[in-house]
1. Residues with amide H under 5 Å of V230's amide H, sequence separation 5 or more or different chain, H placed in the peptide plane at 1.01 Å from N; which?
2. From the phi angles alone, apply the Karplus equation (6.51, -1.76, 1.60; θ = phi - 60°) to segment 297-309 and give each ³J(HN,Hα) in whole Hz, x where the residue is Gly or Pro.
3. Given the peptides 61-73, 171-183, arrange them by the average over their residues of other C-beta atoms within 10 Å, most packed first.
4. Taking H placed 1.01 Å from N in the peptide plane, check which residues at least 5 places from M204 or on another chain put their amide H under 5 Å from its amide H.
5. HN-Hα J couplings of segment 139-150 from phi, Karplus 6.51/-1.76/1.60, θ = phi - 60°, integer Hz, Gly and Pro as x?
6. With viscosity set to 1.306 mPa s at 10 °C, what whole-number translational diffusion coefficient in µm²/s follows for segment 79-144 from Stokes-Einstein and a Kirkwood radius over Cα pairs?
7. Taking amide H positions as placed in the peptide plane 1.01 Å from N, state which residues far from T62 in sequence (5 or more) or on other chains have amide H under 5 Å from it.
8. Would you please put 227-239, 135-147 in order of how densely packed they are, using the mean number of other Cβ atoms within 10 angstrom per residue and starting with the highest?
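Readers should treat all values here as calculations from the given coordinates under stated rules, not as data from a laboratory. Just so we're clear, the structure is a prediction, and the values are computed from it rather than from any experiment. Here Cβ is always computed from backbone atoms with ideal geometry, including for glycine, and neighbour counts include all displayed protein chains.
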Amino acid sequence: MKLGRVLILVALILILGVATAFLWLKRSAAPAAPGGGEMATPEAAQNMLPVVVAAQPIRRGTKITDAMLTTVKLPADRVLAVQLTDPKQAIGKLAVRDLAQGMFITRGDVAEKLSVSAEGSLASLQIPPGSVAISIPMTRLSGVAYGIRPGDHVAVLASFPFVDVDQDYQSVLPNKIAVVMPPQTNEQGQSTMTAGVQPSEAPMGRSLNDDNLGVPFYVIPSEAQRARLVSQMLIQDAAVLYVGTFPLTPQKPVQPTGEGQQENNQQQAAQPTPPPQAQQGQQTGTENTQQQNTPPDIITLVVSPQEAVTLKYLMDRQVPLTLALRAGGDTTELSSEAVTLTYVLDTYKVVVPAKLPYDIQPRMDQVVPPTLQNDMQLVQPQQ
């Protein structure tokens, strides 16, 4: 028993000695600060600055939001002057180029506005992913009297004039008649082995019997077949990308902000005066601007890929298209029914006039609007 107690006491003394030696060595190894106390660690002594980094891939032309950015801390001596240190410097601006995830964002990577560059056009930046842009013809009547502007939303209407065709020949009915001549022998004694076909311009009709006279007769059309018209809204919501022809002259490059703007101004001041050829190019640009004042005859819409194929087919088939301007901010789903002559008569309670034994003079074959004084072109007398 006494030996065990002695061993335990010796072990405790050894443990206390080792702990005391370890603390003394650790305290003596740490250099003292000039003002007393222990020296701060290198990380605590070095100044760290936040740097803005792309938290996800950002496509060129995308409007940057807070969720697309993050910050990492770097030593102050490693942070470049062009790097952004506050996400607010990039939020709300547009990405000048494609930014990969984890890329440090600089002042030249963002801008308030973009212009044409070697990486693409401005028009492509305004097309949402999954959509495409297609141009269709436009007139004053089909384009809401030229009241449509880029950024508006329109609906696309179409009218289809249907006609009956021969299913085999795919030609408009009625077919023309050809007389088949049986094999014959001419005056020289020569005979034809096969029957001949004598073409005719007479259209195919139908045979009827006159109940009063009791004789059959053949009825042919008095005019070409009349088309049966139907109109319908095909595209409910299409964004207007541009009205008219896009300018072919390049626009000014992206203007940087802050220090980048000052450097750009210094570079422009150091450039020599442009030669006369460049001045002529500027005059040509002015002429192009004047040409843009002419009424537009084309409009570019942003639609889905399937809607673009539909518009392509309609244009190739020369189907007339009409645009209807939607209310600003209206995102409700539009619904419509196809309109035919039967729909108009039934919906609006239009009565088809009966044949009467009397009429009004003068005879009227077409509805002609009255001529107003302001519509008349006054001819100035020659002096």
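1. Close amide H contacts, sequence-distant or interchain: F160, F162.
2. 10, 8, 9, 10, 10, 9, 9, 6, x, 5, 5, 5, 5
3. Packing proxy ranking, top to bottom: 61-73, 171-183.
4. N175, K176, I177
5. Those phi angles translate into 10, 5, 7, 6, x, 6, 6, 6, x, 7, 10, x Hz.
6. Values: Rh = 14.9 Å.
Roughly 106 µm²/s, to the nearest whole number.
7. Here the answer is A95, since their amide H atoms fall under 5 Å of that of T62.
8. In decreasing order of mean packing, 227-239, 135-147 become 227-239, 135-147.
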